[in-house]
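The values are calculated or read from the model by the stated rules, or taken from the named source; none is laboratory data. Owing to the predicted nature of the structure, the values given are computational and were not obtained by experimental measurement. Don't worry about glycine lacking a Cβ; one is built from the backbone with ideal geometry, like all the others, and counts go over all protein chains shown. Ligands, DNA and RNA are stripped out before the accessible areas are found, and what is left, the full protein with its side chains, is counted by its heavy atoms. Shrake-Rupley method; radii C 1.70, N 1.55, O 1.52, S 1.80 Å.
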Amino acid sequence: MEKWQLALDMIDEARSWGVEVPLVVADAGYGDAAAFRLGLEERKLPYVVGISSRHTAQPAGARPVQPAYAGTGRPPKLQYPEPAQTIKDLVIEAGRTAARPVSWREGSRPGRSQSGFKRMYSRFVALRIRPAGRGLRKTSDTLELPERWLLAEWPADESGPVHETQKTRRRSEPLPGRPGTADTPRHLGRRLPHLPPRHTHTHTNLTKPY
């Protein structure tokens, strides 16, 4: 069984015991699987998952069009006029100026803050995209690909976005136009806590808010 399927099974098991799952966070080992992301959406769970820069997507403004009909055979289906681009190319197209500074928790390096440690800092690009790919097209209920947030790290001293830091994000409300600070550390992976056996009759919320 694929590990993304095992992860979904663990989530289902935890929820069956009354454990709340407020947010799912995973690296690209899970996020690269479109079936995993779709499984989270079917469960109506918000998520932030890493994806590899080689994946493709359409810009948010892209819309499918009806190709010309030759008059014979079945009429062609709606399709996007331009081929999907890689995630990396979409971020580069947005440009370095689209990146916004974000500072989050204090790290381990000495700094000038009250605690004596330097706060972690980088620059991120937030884009609305339409993730593409054969797997998503087969499972989509509509001919139009759904919109999602893409967050990509682009440090000031780098010529382009940093590899394997792109993340797709699903949330009910739009992100702010200029992201400010974040309380979540860069490495977001966190294992599920040890769960009680099935025969336990009391339910304890074992998750912690991010």
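Determine the sum of side-chain charges near ILE129: Lys and Arg each +1, Asp and Glu each -1, restricted to other residues whose C-beta is under 10 angstrom from that of ILE129. Please report the intermediate quantities before stating the final value.
Numbers: positive: ARG128, ARG130, ARG148; negative: GLU147.
With Lys, Arg at +1 and Asp, Glu at -1, the neighbours total +2.
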Determine which aspartates and glutamates satisfy two conditions relative to LYS77: a Cα distance under 15 Å, and not lying fewer than 8 residues away in the same chain.
ASP141, GLU144
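TRP104 to GLN79: extension gain in nm, 0.36 nm per residue of separation minus the Cα-Cα distance? The partial results should precede the final answer.
Details: separation 25, 0.36 × 25 = 9.00 nm, distance 4.10 nm.
Difference between extended and current length: 4.9 nm.
Percent of accessible area on the stretch 52-106 owned by carbon and sulfur, 1.4 Å probe? Display every interim value, and only then the final one.
Values: 1890 of 3510 Å².
Answer for the stretch 52-106: carbon and sulfur cover 54 percent of the accessible area.
With contacts defined as alpha carbon pairs under 8 Å and 6 or more residues apart, what's the relative contact order of the stretch 1-123 in percent? Intermediate results must be reported in sequence, preceding the final value.
Numbers: 131 pairs, mean separation 19.1, N = 123.
Relative contact order for the stretch 1-123 comes out at 16 percent.
Compute the accessible area per residue over the stretch 1-136, keeping the other protein chains in place, probe 1.4 Å, unit Å². Each step should come with its number before you reach the end.
Values: 8000 Å² over 136 residues.
Result: 59 Å² per residue.
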Going toward the positive end of the dipole of the stretch 55-137, with +1 on Lys and Arg Cβ and -1 on Asp and Glu Cβ, which of PRO83, PRO131, GLY71 do you reach last?
PRO131
Net charge near TRP4 (other residues with Cβ under 12 Å of its Cβ; Lys, Arg +1; Asp, Glu -1) is -2
Projected convex hull area of the stretch 1-44, Cα atoms, direction-averaged, in nm², equals 3.0 nm²
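Whole-Å semi-axes of the stretch 40-159's equivalent ellipsoid, largest first, each the root of 5 times a Cα gyration tensor eigenvalue? Mind showing how you got there, number by number?
Working: eigenvalues 319, 55, 18 Å².
Over the Cα atoms of the stretch 40-159, the semi-axes work out to 40, 17, 10 Å.
Using a cut-off of 14 Å between beta-carbons, work out the net charge of the residues near ALA156 (Lys and Arg +1, Asp and Glu -1, ALA156 not included).
Details: positive: ARG96, ARG100, ARG123; negative: GLU153, ASP157, GLU158.
With Lys, Arg at +1 and Asp, Glu at -1, the neighbours total 0.
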Distribution of pairwise C-alpha distances over the stretch 1-82, 5 Å bins, in %
3, 11, 18, 15, 13, 10, 9, 9, 6, 3, 1, 0
